[in-house]
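Down below is the structure, laid out as structure tokens.
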Amino acid sequence: MDTSLLHKENAPGIYKCAILTISTSRFEKYGKTDRPERAEDASGKLIWGMVQVKGSTIVEYDLIPDNMEIIRETFKKDLYSEAEVIISSGGTGLSPNDVTIEAVTPFIEKEMPGFGELFRFKSINQIGNSVMLTRALAGVARGKIIFCLPGSPNAVKLALELILPEIGHILKHLKGN
């Protein structure tokens, strides 16, 4: 028997997910929308598709600008929604407009630094030493899992390949099982 899988035994296989794309330029062009394809949001569409392939449900999609207060308001709304997982893309870099991490960090009750470390380690093959510019983040708030990802589709795809196999395991821990 493969004992490496025991820690995932009885972990939930499906969950409810909220997706948040943070992009001022996309928001200015498309405004508020409820679907990533309506905003030519490749990263949001990728998250939506990869989550649904696993059998889970998207309960919320938001496209918002890089604005501290709007990001906080949207995260707060998602924290009180039926979503069990919140995945954002965008605003994790170092430019003055990249404020996602600053907006979300006050909500985080427990940080999962291993995600950012693993993501950067795996990203080095794609972008080299530029990995040091990303501030990808994961944590837990109000019993929900939060992932803040960079905005590029390549980064989102890599992150989801790391995240999706573990979400059920994380939810199992959050429920005390």
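If r is the Cβ-Cβ distance from THR105 to HIS169 and R0 is 22 Å, what FRET efficiency results, to the nearest 0.05?
0.40
To the nearest 10 degrees, how steep is helix 113-127 against the longest Cα principal axis of the chain, on a 0 to 90 scale?
The angle comes out near 70 degrees.
Where in segment 13-52 are there trypsin sites (Lys or Arg not before Pro) that are in a DSSP coil and have at most 15 other Cβ atoms within 10 angstrom of their Cβ?
Filter output for segment 13-52: LYS32.
Need the full-extension length gain, LYS29 to ASN154, defined as separation in residues times 0.36 nm minus the C-alpha distance. One decimal, nm.
The LYS29-ASN154 span can extend by a further 42.8 nm.
All of the numbers you see were taken from the coordinates with simple rules; none came from a lab. As the structure is a computational prediction, the values presented were derived from the model and not from experiment. When we count neighbours, we look across all protein chains shown, and the Cβ atoms used for this are built from the backbone with ideal geometry, even at glycine.
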